[in-house]
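Colleague: Below is the structure I would like to discuss, written out as structure tokens.
The values are calculated or read from the model by the stated rules, or taken from the named source; none is laboratory data. These numbers come from a predicted model, not from an experiment. Here Cβ is always computed from backbone atoms with ideal geometry, including for glycine, and neighbour counts include all displayed protein chains. Areas reflect the complete protein model, heavy atoms only, side chains present, ligands, DNA and RNA absent. Shrake-Rupley method; radii C 1.70, N 1.55, O 1.52, S 1.80 Å.
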Amino acid sequence: MRSWYSYVALLLMMGTGWKACADQPSEYQVKGAYLYHFTKFVTWPPSAFANEQAPFRLCVMGENPFGAVLDALTKKTTNNRSISLAYPETGQQATTCHLLFIAVSEQEKWSAILSAIQGKPVLTVGDRPDFVQQGGMIHFVPVQDTLRFAINQENARAAGLKISATLLQVGHVIK
């Protein structure tokens, strides 16, 4: 069971906007925080991990828009697992990821990536405007000076992932 603190922190984070100012986080710092929090509100099947000690693999495929932002996550844990970063170059390599951020630079490879990970418990997140309509699971959506996200729950369910009701309430669910 998740703590109320986690729910409140997620709701506060999701409700805050981002602007390009010196005293506020950058767009990809905010997106990095979202990625981390997504890991706490999605349930992977036990078979997604080699064993109880296996790390959670957070992956970025394509041109890394995060820079060093995600490096700080390797010092954190999620669901009692350490976090490791990986940068797969092929869809086949991405099958070992738990969360896969697919950069816009991979647009031409999207169908090959999707074919490789189809049916695998890999949460896919992206920036492309049609990401969730084309088979992705979570798409970042900038709305004025706020960052929101859309969720395709059916795509996640088909991969064996369960998205919590809390995350579904905060995101925009695409049917």
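Colleague: Run Leu168 past the list (1) open to solvent by less than 30 Å² (accessible area, probe 1.4 Å); (2) hydrophobic (A, V, I, L, M, F, W, C); (3) at pLDDT 95 or above and report the number of the one that doesn't hold.
Modeller: Result: Leu168 passes all but (1).
Colleague: Then there's this: Restricting to segment 121-175, name every residue that is touching a residue at least 60 places away in the same chain (Cβ under 8 Å) and of a type in the set (Ser, Thr, Tyr).
Modeller: Thr146, Ser164, Thr166
Colleague: Going by the structure shown, is Arg81 out of contact with any His (no Cβ under 7 Å at 6 or more places or on another chain) and either within 20 Å of Lys162 (Cβ to Cβ) or open to solvent by 40 Å² or more (accessible area, probe 1.4 Å) (or both)?
Modeller: Values: out of contact with any His (no Cβ under 7 Å at 6 or more places or on another chain): yes; either within 20 Å of Lys162 (Cβ to Cβ) or open to solvent by 40 Å² or more (accessible area, probe 1.4 Å) (or both): yes.
For Arg81, the condition - out of contact with any His (no Cβ under 7 Å at 6 or more places or on another chain) and either within 20 Å of Lys162 (Cβ to Cβ) or open to solvent by 40 Å² or more (accessible area, probe 1.4 Å) (or both) - is met.
Colleague: Something else now. Scan segment 74-94 and report the pairs whose first residue is over 11 Å from Leu58 (Cα atoms) and in contact (Cβ under 8 Å) with a residue 12 or more places away in the chain and whose second residue is open to solvent by 90 Å² or more (accessible area, probe 1.4 Å) and not polar (S, T, N, Q), with Cβ atoms within less than 8 Å and a gap of 6+ or a chain change.
Modeller: Close Cβ pairs (under 8 Å, with a partner that is open to solvent by 90 Å² or more (accessible area, probe 1.4 Å) and not polar (S, T, N, Q)) amount to Gly91/Lys109.
Colleague: Still on this model: Just wondering, is there one or more residues in segment 40-48 that are part of a loop (DSSP other than H, G, I, E, B), surrounded by 17 or more Cβ atoms within 10 Å (Cβ to Cβ) and touching a residue at least 12 places away in the same chain (Cβ under 8 Å)?
Modeller: Scanning segment 40-48 turns up at least one residue that is part of a loop (DSSP other than H, G, I, E, B), surrounded by 17 or more Cβ atoms within 10 Å (Cβ to Cβ) and touching a residue at least 12 places away in the same chain (Cβ under 8 Å).
Colleague: Please verify whether segment 143-151 includes one or more residues that are at pLDDT below 95, closer than 23 Å to Gln169 by Cβ, open to solvent by less than 70 Å² (accessible area, probe 1.4 Å) and not hydrophobic (A, V, I, L, M, F, W, C).
Modeller: Yes: one or more hits.
Colleague: Just need a number here: residues in segment 154-175 that are assigned to a loop (DSSP other than H, G, I, E, B) and among the hydrophobic types (A, V, I, L, M, F, W, C). If you could, list the steps in order and put the result at the bottom.
Modeller: Just the residues of segment 154-175 that are assigned to a loop (DSSP other than H, G, I, E, B), to begin with: 159-161, 164, 171, 174-175.
Next cut, among the hydrophobic types (A, V, I, L, M, F, W, C) only: 159, 161, 174.
Matching residues across segment 154-175 total 3.
Colleague: In this structure, is Glu89 within 25 Å of Val69 (Cα to Cα), part of a loop (DSSP other than H, G, I, E, B) and open to solvent by 10 Å² or more (accessible area, probe 1.4 Å)? Step through it out loud before you land on a result.
Modeller: Working: within 25 Å of Val69 (Cα to Cα): yes; part of a loop (DSSP other than H, G, I, E, B): yes; open to solvent by 10 Å² or more (accessible area, probe 1.4 Å): yes.
Against the criterion (within 25 Å of Val69 (Cα to Cα), part of a loop (DSSP other than H, G, I, E, B) and open to solvent by 10 Å² or more (accessible area, probe 1.4 Å)), Glu89 qualifies.
Colleague: How about segment 133-153: which of its residues are closer than 15 Å to Glu106 by Cα and either out of contact with any helix residue (DSSP H, G or I) (no Cβ under 6 Å at 6 or more places or on another chain) or assigned to a strand (DSSP E or B) (or both)? Don't jump to the end; show me each part of the working.
Modeller: Applying the first criterion (closer than 15 Å to Glu106 by Cα) to segment 133-153 yields 134-136, 139.
Within segment 133-153, Gln134, Gly136, His139 qualify.
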